[in-house]
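The values are calculated or read from the model by the stated rules, or taken from the named source; none is laboratory data. Being a predicted model, the structure only gives us computed values, none of them experimental. Counting neighbours? That spans all protein chains shown, and the Cβs are built from the backbone with ideal geometry, glycine included. Surface accessibility is based on the protein's heavy atoms, side chains included, excluding ligands, DNA and RNA. Shrake-Rupley method; radii C 1.70, N 1.55, O 1.52, S 1.80 Å.
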Amino acid sequence: MARKNRNPAERVGQITADSYDNFMARVGMGQPNQHSASTYRANFTSRNRMEIEWAYRSSWIIGSAVDSVADDMTRKGIRITSEIDPKARGVLESLFDELELWDRLNDIIKWSRLYGGAVGLIMVEGQAPFTPLRTETIGQGKFRGVLPLDRWMINPVLTRRIKEIGKDLGKPEFYDVVTTATGIPAWRVHHSRLIRFDGVTLPYQQAMTENEWGMSVVERIWDRLTAFDSATMGAAQLIYKAHLRTYKVDNLRGLIAMGGAGLDKLIKQINIIRQFQSNEGLTLMDAKDEFATHTYSFAGLDDILSQFAEQISGAVGIPLVRMFGQSPKGFSTGDADLANYYDNISTQQERRLRQPLRKLLEVMHRSEFGAPLPEDFTFEFNPLWQMSDVDRSTVAVNTVNAITSAVDAGLMTLKAGMTDLRETSDVTGIGASITDEDIEDAEDEAPPAPGEPDNPKPEQTGGDPLSNQPTQDSASGGRHRKWSLRWFK
């Protein structure tokens, strides 16, 4: 016998869910309402190469979404922070310009964001591309740069996998260059000779559907982009209807039906009205005719477009001031938005660009000097954030004063102080001219304190004119002048 007191969900065969649900009001997921019909479906835009390319060429929003991050990741370059020979540092830096490596890296990142994946082929003259890259076999001056190849120009060989335990375990061992790529031979390239970038990384099952590449950044913003473009074009179409004029003619339908001379006279009358209807003219019409104007209001359209723009900006992680060139509103200066965006760029540089650059620098060093990079070789990405002249001068004064005080107090050596000052020169603008020779020539001993054994108290100059005793300023000024002058020598 069935139970009499069943709850409403059981009576209608509803399955309870772990979420808010109101059967009587038909509110919540699983209830017969429009919201319950909502779902998500993959549009697989990344697979439609032609559509993505058309959008990239015709939509400045997609162009900005793809290009901005790549441009900012490669805009300021790097600075070598390890102590290597200054001439070697100069050679490596000039090689980046000579082989246009930053431009090539920029292209690789762009095409990875647009198509979902791209690689850079490290070109070494005299070596077969299908062999593993061994830096110790690179000849003098044999490095020829990096060749960008997007995912549609090169295919991973999915039947050959890396079996060695490490960060590349399970990834394709070889890649085949597509023969239709104009000007590039149909090479099979070993993975060690490639620098690979994925667009939006995908979980395993989804990556398999993309031939083990990532996803285009365009795919996530496609619905928001079409909504923004539709709203923009709709607003543009309204301009044509912003000012409408209507003219009522008695028995107009009959005149049109009869045609002939009556209709011709009506058209002639309308043309005369149009001719004389100006700022200084008059509207001529029959006593029974009526003339009226209608103006359309655009109030609220700007807010709607701004909301769509903010959604696109949030989807790609680029602030409005950078992506749309839109000035901040209200009390915001946009500095906080740019600071957060630059922090995100710095994170992507560390996660995605550091290892490829380290690999390139190793190849470049072998090619130019025939030796590996030093074990303690390090580099840093130059910051994107640029301080104002006032802020820079304030930081410079505070930094110099702090280092000078530490040297004078014996807390650090002059050599250490000069090293720290040069390391902060990219921020302060002071100390960039200090060379390694200057640092080597500086004493590596702590400054002697006055009155120590074997270090007589320095001769004081000046003092009180009555007692002939040194004043407090003159007593401390001798040693301060000594070390400060040596510092800025």
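Pairwise alpha-carbon distances in the stretch 199-267 exceed 16 Å for 72% of all pairs. For residue 163, the aspartates and glutamates whose Cα comes closer than 12 Å to its Cα, not counting residues fewer than 8 places off in the same chain, are 173. The residues 233, 50, sorted by heavy-atom accessible surface at 1.4 Å with ligands and nucleic acids left out, run 233, 50 from largest to smallest. Sorted largest first, the principal axis extents computed over the alpha-carbon atoms of the stretch 225-375 equal 98, 40, 29 Å. On the principal axes of its alpha-carbon atoms, the stretch 127-206 has extents of 43, 34, 23 Å, going from largest to smallest. On a per residue basis, the stretch 114-188 carries 54 Å² of accessible surface, using protein heavy atoms and a 1.4 Å probe.
Report the equivalent ellipsoid semi-axes for the stretch 162-233 in whole Å, largest first, defined as the square roots of five times the eigenvalues of the gyration tensor built from alpha carbon atoms.
Ellipsoid half-lengths, sorted descending, are 32, 19, 9 Å.
The string of couplings for the stretch 40-57 from the Karplus curve (6.51, -1.76, 1.60, θ = phi - 60°) is 10, 9, 6, 9, 6, 5, 4, 7, 8, 4, 5, 5, 5, 5, 5, 5, 5, 7 Hz, one whole number per residue in order, with x for Gly and Pro.
Counting Lys and Arg as +1 and Asp and Glu as -1, what is the net charge of the other residues whose Cβ lies under 13 Å from the Cβ of residue 252?
On the way: positive: 248, 253, 265, 288; negative: 250, 286, 289, 290.
Neighbourhood net charge equals 0.
Extending 7 Å from the Cα toward the beta-carbon at both residue 242 and residue 375 defines two label points whose distance is 7.2 nm.
About its Cα centre, how strong a charge dipole does the stretch 205-361 have in debye, to the nearest 20, once Lys and Arg get +1 and Asp and Glu get -1 at the Cβ? Present the calculation step by step, with values, prior to reporting the outcome.
Working: 17 positive and 18 negative charges, 62 e Å.
With Lys and Arg at +1 and Asp and Glu at -1, about 300 debye.
The P(r) of the stretch 46-135 has a tail past 15 Å containing 71 percent of all C-alpha pairs.
Accessible area per residue for the stretch 214-363 is 66 Å², calculated with a 1.4 Å probe on protein heavy atoms, without ligands, DNA or RNA.
How much of the accessible area of the stretch 292-429, in percent, comes from carbon and sulfur atoms when a 1.4 Å probe is used? Carbon and sulfur atoms account for 53 percent of the accessible area of the stretch 292-429. In sequence order, the stretch 406-418 has phi-based couplings of 5, 5, 5, 7, x, 7, 8, 7, 5, 5, 5, x, 5 Hz under the Karplus curve 6.51 cos²θ - 1.76 cosθ + 1.60, θ = phi - 60°, and Gly or Pro positions carry x.
First compute the accessible area of the stretch 69-203 with a 1.4 Å probe, then give the percent of it belonging to carbon and sulfur atoms. Don't skip to the answer; put the middle values down first.
Working: 3420 of 6510 Å².
Roughly 53 percent of what the probe reaches on the stretch 69-203 is carbon or sulfur.
In order along the stretch 358-373, phi translates into HN-Hα couplings of 4, 5, 5, 5, 5, 5, 5, 5, 5, 5, 8, 10, x, 9, x, 5 Hz, rounded to whole numbers, per the Karplus curve 6.51 cos²θ - 1.76 cosθ + 1.60 with θ = phi - 60° and x for Gly and Pro.
Of all aspartates and glutamates in the structure, the ones whose alpha carbon falls short of 20 Å from that of residue 268, not counting any fewer than 8 places away in one chain, are 250, 286, 289, 290.
Pairs to check: 110/171; 167/359; 248/288; 142/359. Give those whose C-alpha atoms are more than 18 Å from each other in this structure. Pairs exceeding 18 Å: 110/171.
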